[in-house]
Amino acid sequence: DIQISQNVTFETMLFSLNTLEGLKKSGFVRPSPIQLHGIPLGKCGFDLLLEAKSGTGKTAVFTVIALEKIDLDKGLQAVILAPTREIASQICDVFRQIGCQFKGLCVEVVMGGLPVQEDIDKLRKNKVHIVVGSPGRLKHLISDNHMDLSAVRLVVFDEADKLMEKSFLPDVKYIHLALPKEKQVIMSSATYSETCKEFIKEFVHDAQHICPNSDCVLLGVAQKVTYVKFNSNSITQTKNKFKEMLKIISTKQFKQCLIFCNYRARVREVYKMLIKEKWPAEQLYGAQDQVDRLDSLKTLQEYKCRILISTDLAARGIDASYVDLVINFEPPFEWQTYLHRIGRAGRFGSYGMAITILSEGVEQKKFMNLLSSVNFSFNVTSFWTDTESN
Ligand code: ADP
Ligand code: MG
């Protein structure tokens, strides 16, 4: 669980009354370490590199900094970039919630997959102060002159190391160059890869690196593995893994469960098999219709479904506070992804469990290599032989 300073409350942190009231209404009383250290420096205007475990409240860090900066009489002043549309709309919700006391504050989310005309109308009709968006759609809107960027003073890169990946980088650079030169830059992520660190230098100046807890392991998430026999026939292999998974979800008590697969096709397969077994499940993957994607996520967040099967689309940033069980139907390819996936259980200091299903042999070896390539220790134990598991 995360350490929350017992003495410090947000009320002692010298924010505007509107922000304080919004935090209170959101149920936030005491700051997490990243909030305690990040917000004051951000308010001073420093560029920030926020680095803290999943679920430690990084969103509120840049939300509060932005809200404290906003001049409601002016137009667009903050642009928030997020790698997936789901994260973008979630950030927008947080802004609206913590910003609920700012009369006239307008925060909009723009995202690909939904008609661009809707975004154009939003931006034209309303006096938008803060825009949250995916890089592709933002670039589109900027290059077609639908956004007045002249008053922008803050840009945020949420899930920064994802945004620095090849697929996003050209759009992200385009947006960065289109923004006024004088501005504050905030990057936020649970992990920063080496390549990401290289590119970050192009975006920030004398950034304050805020990393309140160098211990990257999610203390609140127990990590387990379980094995199935290797089978060279991939259909049989999937079936075997599915049986193992059924055993887990039928024996382990959980509130909500996220199941990760590496490929869309596998997501659909597992989804179908679960439905056939009469488990209430939803699925989420990139090729889906945008409305379906947001729907699947909402049903999870509103506790209307207990199991969501997803590709790594849901690995990062998604905040569903009841998720206490993460199952890796197959291990991810990168340790960063592993951390992000398991971080979906154990939001804001709650306890959870992550179980990775491995087939014996190659997959097992690969996974162990993956963990050993990380320079901090993992305490991964077997699911079935462990009795302390609840
Ligand atoms: P991160 O981006 O670091 O992974 P989030 O910003 O999504 O984490 O926050 C995780 C959860 O913690 C959210 O449900 C959020 O509402 C909650 N949270 C954040 N800050 C606080 C706080 N100070 N007090 C209580 N809950 C908080
Ligand atoms: Mg986040």
When the range 258-292 is checked residue by residue, the ones that are open to solvent by 10 Å² or more (accessible area, probe 1.4 Å) and part of a helix (DSSP H, G or I) are R264, A265, R266, R268, E269, Y271, K272, M273, I275, K276, V291, D292
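Would you say G55 is of a type outside the set (S, T, Y), at pLDDT below 95 and either over 30 Å from E198 (Cα atoms) or open to solvent by less than 50 Å² (accessible area, probe 1.4 Å) (or both)?
On the way: of a type outside the set (S, T, Y): yes; at pLDDT below 95: yes; either over 30 Å from E198 (Cα atoms) or open to solvent by less than 50 Å² (accessible area, probe 1.4 Å) (or both): yes.
In short, yes.
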When every residue in the range 143-159 that is more than 29 Å from K53 (Cβ to Cβ) and crowded, with 20+ Cβ neighbours inside 10 Å is compared, the one farthest from ligand 2 (Cβ to nearest atom) is M147
(1) acidic (D, E); (2) under 21 Å from D171 (Cα atoms); (3) within 16 Å of ligand 1 (Cβ to nearest atom) all hold for D119 apart from (3)
Only unsatisfied item for V156, checking (1) part of a loop (DSSP other than H, G, I, E, B); (2) within 30 Å of S321 (Cβ to Cβ), is (1)
The residue from G75, G55, G45 that alone is on the phi > 0 side of the Ramachandran plot, more than 8 Å from ligand 1 (Cβ to nearest atom) and in a loop (DSSP other than H, G, I, E, B) is G45
Exercise. Does S296 satisfy being of a type outside the set (F, W, Y), over 28 Å from V228 (Cα atoms) and within 16 Å of ligand 2 (Cβ to nearest atom)?
Worked result: no
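Counting only residues that are within 30 Å of E360 (Cα to Cα) and out of contact with any Leu (no Cβ under 6 Å at 6 or more places or on another chain), which one in the range 287-312 is nearest to ligand 1 (Cβ to nearest atom)? It would help to see each step written out before you state the result.
The initial filter retains those residues of the range 287-312 that are within 30 Å of E360 (Cα to Cα), namely 306-312.
Still in the list and also out of contact with any Leu (no Cβ under 6 Å at 6 or more places or on another chain): 306-307, 309, 311-312.
Working: R306: 18, I307: 20, I309: 21, T311: 19, D312: 15 Å.
For the range 287-312, the residue satisfying everything is D312.
The values are calculated or read from the model by the stated rules, or taken from the named source; none is laboratory data. Given the structure is predicted, the values throughout are model-derived calculations rather than measurements. Every residue, glycine among them, receives a Cβ derived from its backbone with ideal geometry; neighbour counts consider all protein chains shown. Protein only, heavy atoms only, side chains kept; ligands, DNA and RNA dropped before computing areas. Shrake-Rupley method; radii C 1.70, N 1.55, O 1.52, S 1.80 Å.
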